[in-house]
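The values are calculated or read from the model by the stated rules, or taken from the named source; none is laboratory data. Everything quoted here is computed from the prediction, not taken from an experiment. Note that we place each Cβ from the backbone using ideal geometry, even for glycine, and neighbour counts take in every protein chain shown.
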C-alpha cells in the first residue's frame, strides 16, 4: 500500500512540473508575437515598388485655425413684416411666395369704407382752405389800410392757419396709406388701399387670404433681402481671445455637400449665449465668391461648420501621406533600425513602429502632429506611403 501511495505522489509531482514548464515556455512565445505585431518589416524592393519614402519631422509655419459651428442668418434690417396702417378686407393679393419684389411695389389691396370718407374730408377741407385763404388775404389788406377791425382779421387768420394744419394732417394720413393726394385733389378717389413692400427682397410666408380681415396688428406677409446674408458662429470662451476683426473664415455648408464659401470676421458679441458659454462671432460672407463657385442659394437657418484663420505658428509637421488612420486614431511610422534611411537599395530590411499622434492644423500638404510619446530629435519617419504600411500591418503578409 505504501509503495502504491508513493507512486501516486510521484506522478502528481511530475504533472505539476510539466504544467509549470509548459506555462513558462508559452509566455515568451506570446511576448514574441506581440513584439512582432508592433514592428512592420519592409524590404528596400517593397518600398521602391510602392513609392514609400522616409525623412524627418519638420518645423513648419502653419496657419492656426479655430474650428466652430453656426448658421446663416439675416440682420434685422434685411427682414420685414408687411402690415397695413388701417383695418379692412383683403381684396387682392398680387404676389406669390418666393417672388422677388422691389421696395415700394404694391403687394396687396385692402378695402375700407373709411378710406373713401377720408378722401372726401380731404377734398372738402381743401376747398374750405381756398376760401379761408382768400378771406385771410382780404382782411389782411383791409387791416393794412386801417379799413377793418383787428379782431376780424385775427379770427380770419386763425381759421386759415387751422385749415392749413388740418389739410396737412390729412395729406400725411393719405400718404401713409399710399394714396396719391394729387389724384384725390381732382376727384379721383381710390376704394382700395395699396399695401406696398417696405424693402426689396424675396416674399416669404404669406399669412392672409383674399377676403381675410386684417387690422394694423396683422402681419400680411414676410419679405427678406438675402443679399446681406451673414454667418453667426459660436466660439467658446477659451478660443474667444484669438478672434479679431478682419480674420478670414472658410465656411462649409454642412447639409449642402460641404460646399465651401469664404467670409471675414466683422463683429463679435460681448456676452455669452445663454448657458452654453459660447460667444457669437458675426462673419460677412463674400457673395462674389459664392457666385463664382455657383453655390446653392443661401437661406437663413442653414447649418455651417467653419475654420477661422487666427494667425500662424511654428509647429511639428509631416506630409499628409505620412499619416494613417485606423479605428478613429492617427498614426505615423518611426524607423527603428539604424540603417541608412535615405538609400533606395539595401540588403537589410527597414523596421517601422507605429506611433499614435494627435493632428492639428493642415496647410500646403503638411499636417501638424503631436506624438503621444517622446521621439528622438533626429527621428526618421515614413513620409510617404503610410496607408500601404498600415494595410500591411493590419492585413498580414498577403498585402
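Of the strands (runs of 3 or more DSSP E) lying entirely inside segment 1-98, those containing at least 2 residues that are modelled with pLDDT of 50 or more and either on the phi > 0 side of the Ramachandran plot or within 41 Å of the chain's Cα centre (by Cα) (or both) span 53-56, 58-73, 79-82, 88-93.
Scanning segment 361-376 for residues that are within 12 Å of residue 319 (Cα to Cα) and part of a loop (DSSP other than H, G, I, E, B) yields 364, 365.
The lone criterion from (1) farther than 26 Å from residue 310 by Cα; (2) under 13 Å from the mean Cα position of the chain (by Cα) left unmet by residue 219 is number (2).
Would it be correct to say that residue 265 is under 30 Å from residue 378 (Cα atoms), in contact (Cβ under 8 Å) with a residue 24 or more places away in the chain and either touching a strand residue (DSSP E or B) at 6+ places or on another chain (Cβ under 8 Å) or part of a helix (DSSP H, G or I) (or both)? Answer is no for this residue. What are the residues in segment 107-137 that are free of Cβ contacts under 8 Å to residues at least 12 places away in the same chain and more than 30 Å from residue 82 (Cβ to Cβ), if any? 124, 127, 130, 131, 134, 137 - these are the residues of segment 107-137 that are free of Cβ contacts under 8 Å to residues at least 12 places away in the same chain and more than 30 Å from residue 82 (Cβ to Cβ). Looking across segment 273-299 at every residue that is in contact with a helix residue (DSSP H, G or I) (Cβ under 8 Å, 6 or more places away or on another chain) and surrounded by 15 or more Cβ atoms within 10 Å (Cβ to Cβ), the one that is modelled with the lowest pLDDT is identified as 287. Report yes if residue 304 is surrounded by 15 or more Cβ atoms within 10 Å (Cβ to Cβ), modelled with pLDDT of 90 or more and more than 27 Å from the chain's Cα centre (by Cα), otherwise no. No, not satisfied.
For segment 319-341, the criterion of being within 29 Å of the chain's Cα centre (by Cα), modelled with pLDDT under 85 and on the phi < 0 side of the Ramachandran plot is met by none of the residues.
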